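Below you'll find the structure, written out as structure tokens, and then a few comments.
Derivation of every value follows stated rules applied to the coordinates shown; laboratory data play no part. All values reported here derive from a predicted model rather than from experimental measurement. For neighbour counting, all protein chains shown are included, and Cβ atoms are generated from backbone atoms with ideal geometry for every residue, glycine included.
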Amino acid sequence: MISIIGGTGLEGRGLAMRLVIAGNHVILGSRSKKRAETVAAEIRRLCPGSKIEGLSNLEAARKGRVVFLAIPFESQVDILQELKPYLADKLVVTVVVPLKFQTGHAAYVDVPEGSAAAQAQQILFTSKVVAAFQNLSAHDLINHDSKIEGDVVICSDHSGSKKLIMEMVGTIPSLRGIDGGGLENAKYVEQLTVLLLNINRNYKANVSIKLIGIQV
């Protein structure tokens, strides 16, 4: 069972949509359980037969075996401190990118720990943190009728957890999981996301990345 903390935001909803289409049972977490239930019902309407439910963030953290973080970076510390007891020893997948918007473009926010993913691992020191899915456009994810193509670079210091998420990526048509090494490399993936956002703005597009020369 997969939980998504911050599952009612655009990125969380998009991930939920693609994961339920791939056959997963998903729990949407939100600060408002009512909001989570509403979004879950909308996804069930768009994807008949999908297994999805809406709960509070705390309930979602407690029930999920794999827990995704799709939350604003500025809220990450407070949210993780609250949920920490329920995420102990679990696989936690972060799609969080530390950024801000200024004068019409996205800018990366430096994190003392090195990256948003590294900060999450420091707080959740008994959890297995994996950084993944940051480079996928939320708009493409949520448009469930469209084909989404690209590579998902996955970084973690826990090889078994990284392999599991690479396999999960492979269940989503036209996506490929790429081993990005240890969690220290998550910073570069997060920074690349900021670059892609600015390219999207310049070209009025939703771009993704594809690495050539790799046979997986």
Rounded to the nearest 0.05, what FRET efficiency do residue 200 and residue 89 give with R0 = 45 Å and r taken as the Cβ-Cβ distance? Could you check?
-> 0.75
29 Å Cα-Cα threshold exceeded, pairs from 34/162; 100/204; 33/90; 34/210 | 34/162; 34/210
Only one of the values (1) 297; (2) 115; (3) 166 was calculated from this structure for volume of the Cα convex hull per residue in Å³; name its label.
-> (2)
The size of the Cβ-based charge dipole (Lys, Arg +1; Asp, Glu -1) of segment 2-203 about the Cα centre, to the nearest 20 debye, is 600
What is segment 76-216's relative contact order, in percent, from Cα pairs under 8 angstrom and six or more apart in sequence?
-> 25
Full extension between residue 46 and residue 125 adds, at 0.36 nm per residue less the Cα distance, a length in nm of 24.7 nm
Treat every Asp and Glu Cβ in segment 1-76 as -1 and every Lys and Arg Cβ as +1, leave all other atoms uncharged, and give the resulting dipole magnitude about the Cα centre to the nearest 20 debye.
-> 200
